[in-house]
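Okay, structure first, notes after.
The values are calculated or read from the model by the stated rules, or taken from the named source; none is laboratory data. Everything numeric here is computed off the predicted structure, so don't read it as measured data. Here the Cβ positions follow ideal geometry from the backbone for every residue, glycine too, while neighbour counts run over all protein chains shown.
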Amino acid sequence: MHSNLFEALADPTRRVIIEALRDGERPVNDIVRQAGIHQSGVSRHLRILSEAGFVSVRPDGQQRLYALRPEPFRELETWLTEYRQLWEARLDRFGAALEKRRGERTTPTKEPR
């Protein structure tokens, strides 16, 4: 796992840009409108996302179209899956221990005669 993937996603503006690209290719002006920052700022964030592998760019006449690349998201999913499995197993054991404890509390005790 490359730490630059997390560094690229750490910035909230870059996450807005990624959201803007979820539905497919978009020119920078569309991204600027959605991000709510100047074109120079969007371009800087797109460059960082591109360097991290999240975004590809394709020239189309006078404009450039930006799109998400699936590979870094797959890499993140693989990394997260390993930790999800670890925590789910721990939470399952914790849940079983809680249920056992509840069962011990609700079991009536026999009173001596």
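Has region 81-88 got any residue that is hydrophobic (A, V, I, L, M, F, W, C) and outside the structural domain of Glu7 (by TED's automatic domain parsing)?
yes
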* Asked: Given the structure, is Gly53 at positive phi and touching an Asp or Glu at 6+ places or on another chain (Cβ under 8 Å)?
  -> yes
